[in-house]
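The values are calculated or read from the model by the stated rules, or taken from the named source; none is laboratory data. Note that the coordinates shown come from a computational prediction; the quantities given were computed from them, not determined experimentally. Don't worry about glycine lacking a Cβ; one is built from the backbone with ideal geometry, like all the others, and counts go over all protein chains shown.
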Amino acid sequence: MTAIFPVSLELDPMPAASADAPIGVFDSGVGGLSIAQEIARHLPNEQIVYLADTAHVPYGPRPDHDIRQLTARGIEWLYRQGCKMAVVACNTASAFSLNSLRAHYGESFPIVGLVPALKPAVLQSKSKVVAVLATPATFRGQLIKDVIDHFAQPAGVRVIPVTCLELVPLIEAGQEMSHACLTLLRQILQPVIDQGADHLVLGCTHYPFLKDAIEQLFGSQLILIDSGVAVARQTAQILIKHQLIAEHEHASGLRIACFVTGQQLEQTRQVVEHLIPSHLTWQLNSIQVYTAQKTK
C-alpha cells in the first residue's frame with residue numbers, strides 16, 4: 001500500500017457522529033496532554049480519546065513521509081473509534097499532515113491542527129524580536145514558514161528558532177525542575193534574551209510543562225505563549241458550528257481515555273500520572289502498533 005490513508009472513506013464511511021461522541025486528540029507522545037487538558041477545561045462536558053504514538057516517538061528526526069504516514073494512521077484510528085472531530089496536538093505532525101488530512105476527511109470529520117502561536121507574539125512584541133522553541137521538524141514544515149513570511153516579516157519582527165531535543169525526555173521523566181533541565185534551559189534561552197527577544201513561543205506540546213522552570217530562571221524577561229487555549233477555543237467553535245457540543249457530562253465520568261502504541265505501558269502510566277492533574281479522571285490502555293510506509 002502506497003497511499004497515505006489506509007481506508008477509503010467512499011468505500012467504508014463511518015456513521016455521522018453525535019454530540020455525545022468523544023473528541024479525538026493525537027500526538028506522537030504524551031506532550032499533547034497539555035492540549036487535552038485545555039480542551040477539558042474549556043469544554044467540561046466533553047470526553048477525550050487521546051492517542052499517543054509512543055512506539056514511534058519522537059517524530060522530529062523522522063523523514064517527512066514517515067511523519068505524514070504515522071499521523072494519518074493515528075487520525076484514522078480516532079475516526080474509526082467514532083470520534084466526532086480530531087485535534088492533531090503535535091506541531092511536527094501538523095506541519096506535514098494538516099492540509100492533506102483535511103482534504104481527505106472533509107467537513108464530515110473536522111480536524112484542528114497546531115501552529116506555534118507566533119502571531120500573538122508578533123503582535124505583542126515591543127522589541128520586535130521573538131523566539132520560538134520547537135523541534136527541527138516543525139521548522140522544516142510549511143505552516144510556520146508561512147506565518148513567518150506572511151506575518152512576522154511584514155511586521156518587521158525577527159524570529160529566532162530554538163531547538164533542544166534533550167528537553168522532552170526530561171519532561172517525561174518528571175524532571176522539569178531538575179538541575180539538568182534548568183541548566184539546559186539557561187543555555188538555550190539566555191542567548192535569545194541577549195539578542196533582544198521579549199517573547200518565547202512554546203512550539204511543542206511538551207513545553208507548556210516547562211513554564212514554571214522558565215519563569216524561575218528568567219522571571220519577566222520572557223513572556224511565554226503557547227497554543228493550548230487557542231486550540232481549545234477553536235475546538236469549541238467547530239463543535240458549535242456542527243451542533244456537536246455535549247450538553248451533559250459523560251455517563252462514565254471519564255474525561256480522558258488514553259491509548260498508547262508502545263510497549264512501555266507502565267512507564268507511560270507514571271508519566272501520565274505526573275502530567276494530568278488529579279481532578280481529571282483518566283485511564284490508560286495500549287493498542288496494536290501501526291507502522292509507517294517505507295519510501296521506495
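Here are the numbers:
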item	result
Residue within region 148-162 that is assigned to a helix (DSSP H, G or I), surrounded by fewer than 21 Cβ atoms within 10 Å (Cβ to Cβ) and touching a strand residue (DSSP E or B) at 6+ places or on another chain (Cβ under 9 Å) present	yes
Which listed residue is in the same structural domain as I238 (by TED's automatic domain parsing) and part of a loop (DSSP other than H, G, I, E, B), from V87, V57	V57
Some residue of region 205-219 being touching a residue at least 12 places away in the same chain (Cβ under 8 Å), in the same structural domain as R62 (by TED's automatic domain parsing), more than 19 Å from the chain's Cα centre (by Cα) and over 28 Å from R68 (Cα atoms)	no
Counted residues, region 58-108 - those being free of Cβ contacts under 8 Å to residues at least 60 places away in the same chain, crowded, with 23+ Cβ neighbours inside 10 Å and closer than 15 Å to A16 by Cα	1
Some residue of region 211-225 being closer than 16 Å to A36 by Cα and either out of contact with any Asp or Glu (no Cβ under 6 Å at 6 or more places or on another chain) or buried (at least 16 other Cβ atoms within 10 Å of the Cβ) (or both)	no
Pairs with Cβ under 6 Å, 6+ apart, first in region 267-296 and at pLDDT 85 or above, second of a type in the set (F, W, Y)	I276/W282; N285/F259; I287/F259
Subset tally (residues that are in contact with a helix residue (DSSP H, G or I) (Cβ under 9 Å, 6 or more places away or on another chain), surrounded by 19 or more Cβ atoms within 10 Å (Cβ to Cβ) and not in a helix (DSSP H, G or I)) for region 120-147	7
Qualifying residue in region 188-197 (condition: among the small types (G, A, S), surrounded by fewer than 16 Cβ atoms within 10 Å (Cβ to Cβ) and in contact with a helix residue (DSSP H, G or I) (Cβ under 7 Å, 6 or more places away or on another chain))	no
Candidate set: region 9-54, residues that are acidic (D, E) and outside any loop (DSSP other than H, G, I, E, B); chosen: the one surrounded by the most Cβ atoms within 10 Å (Cβ to Cβ)	D27
Residue match in region 185-200 (condition: in contact with a Pro (Cβ under 6 Å, 6 or more places away or on another chain) and outside the structural domain of A89 (by TED's automatic domain parsing))	no
Condition broken by L114, with the remaining ones in (1) over 20 Å from L184 (Cβ atoms); (2) assigned to a helix (DSSP H, G or I); (3) touching a strand residue (DSSP E or B) at 6+ places or on another chain (Cβ under 8 Å) satisfied	(2)
Flag if I256 is closer than 27 Å to L133 by Cβ, within 16 Å of the chain's Cα centre (by Cα) and among the β-branched types (V, I, T)	yes
R102 being closer than 17 Å to D27 by Cβ, charged (D, E, K, R) and either part of a helix (DSSP H, G or I) or out of contact with any Pro (no Cβ under 7 Å at 6 or more places or on another chain) (or both)	no
Given (1) under 20 Å from the mean Cα position of the chain (by Cα); (2) surrounded by fewer than 20 Cβ atoms within 10 Å (Cβ to Cβ); (3) within 23 Å of G74 (Cα to Cα), index of the condition Q263 fails	(1)
Within region 164-182, tally of residues that are in contact (Cβ under 8 Å) with a residue 12 or more places away in the chain, in a helix (DSSP H, G or I) and surrounded by fewer than 19 Cβ atoms within 10 Å (Cβ to Cβ)	1
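Residue by residue, here is whether (1) within 15 Å of the chain's Cα centre (by Cα); (2) at pLDDT 95 or above; (3) assigned by TED's automatic domain parsing to the domain that holds G141 holds:
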| site | (1), (2), (3) |
| --- | --- |
| L51 | yes, yes, no |
| P61 | no, no, no |
| Q69 | no, no, no |
| Y105 | no, no, no |
| S125 | no, yes, yes |
